[in-house]
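Novice: Before we start, here is the structure in question, set down as structure tokens.
A short reminder: the numbers here are calculations on the coordinates, not readings from a lab. All figures in this text were calculated on a predicted structure; none of them were measured in a lab. Cβ: placed from backbone, ideal geometry, glycine included. Neighbour counts: every protein chain shown.
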Amino acid sequence: MRFLLFPFLAIAIWAGNVVVSKMASGAISPLAITFYRLALAISIMSVFIAAPAWKNRAVIKQYWPKLMFLGFLSMAFYQCLSYWAADTSTATNMAIITALTPLLTMLVSSLVLREYPTIGMVLGGGIALWGTAYLISGGAPLELIKGNYRLGDVLMLTAALSYAFYSVLLRKWKIAVPAWQSTYMQAISALVFMLPLFLWVPTGQAVLDASTVPLILYAGILASVVLPFFWIKGIEHLGPNRCSVFMNLLPVMTAGLAIVLLDEQLKTYHLLGGGIALLGVFIAQTWRGRIFHRTSARVVGR
């Protein structure tokens, strides 16, 4: 039972990071905070990962291009989109859309890995799609046809899709590098991608002061180092499927924090749209029956 604390604490920190993303909106450039958090996280991880990674450099070198791309997807592209989304989306919306990641991962997996979709994926996906449309339209799905939606919600949905591709590629490539070393090298790769973009940021949008440093510390230490530690330990003891169910707690925790810290109002469309979307994700996660089945007959000579 105590192992359940690992994914629970990871999601709690993740919820806090969504709120931090909203707090960072307008205070610092998305490019700057992404660069700073990566630099801070790498500095901390270097203390206990740099030496083992150096000893394992021959193996890491074999996977370096893939590690670079994974780092770009999860730690550069995803993070920047998340911070940009916060400019026009709410923390509650961002959390609900992020909670769709397990469902998006299943859908991407069926395309990239050519896995047959389950009944739950099809049914749950349809339900989650309707709930998401209801959410981002503010309770009026037909308004989406007219182009009335928040850009931040679309950016957050793109970010979640990016992370889904990251998760599937991580599974497909089966990189034979210890989890922490893989995370470390991905972070370094992401920092390399972010450096030229960071240098392009106007000085006034990359200021380190009393309002931005606490946000960077949270993002760089808790969200980038402590959260992955809890999540990795949770997967080790509980498995990825059981841990992914905890993603459904993210909107609840985030909404609570947003109401207290950001004075956000929880509206009816949050409860209905978010609840329906999460129901769809839950159905997709738990209903495993296959629509199609592979034939058991073998083709002779192949």
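Novice: Taking the convex hull of the Cα atoms, report for the stretch 9-107 its projected area averaged over all directions, in nm².
Specialist: 7.9 nm²
Novice: May I ask you to list the trypsin sites (Lys or Arg not before Pro) in the stretch 161-233 that are in a DSSP loop and have at most 10 other Cβ atoms within 10 Å of their Cβ?
Specialist: The qualifying sites are Lys174.
Novice: Based on the Kirkwood radius over alpha-carbon pairs, what is the Stokes-Einstein translational diffusion coefficient of the chain at 4 °C with 1.567 mPa s viscosity, in µm²/s?
Specialist: Diffusion coefficient, whole number: 64 µm²/s.
Novice: I need two numbers for the stretch 112-193: Rg to one decimal and Dmax as a whole number, Cα atoms only, in Å.
Specialist: Over the stretch 112-193's Cα set, Rg and Dmax evaluate to 17.4, 48 Å.
Novice: When every alpha-carbon pair in the stretch 51-204 is counted, what percent end up more than 23 Å apart?
Specialist: 49 percent
Novice: Pairs Lys61/Lys233; Lys22/Lys267; Lys61/Lys172: which are spaced more than 21 Å apart, C-alpha to C-alpha?
Specialist: Flagged as over cut-off: Lys61/Lys233.
Novice: If you plug each phi of the stretch 182-194 into the Karplus form 6.51 cos²θ - 1.76 cosθ + 1.60 with θ = phi - 60°, what whole-Hz ³J(HN,Hα) values come out, in order, with x for Gly and Pro?
Specialist: Whole-Hz 3J(HN,Hα) from phi for the stretch 182-194: 4, 4, 4, 5, 5, 5, 4, 4, 4, 5, 4, 5, 7.
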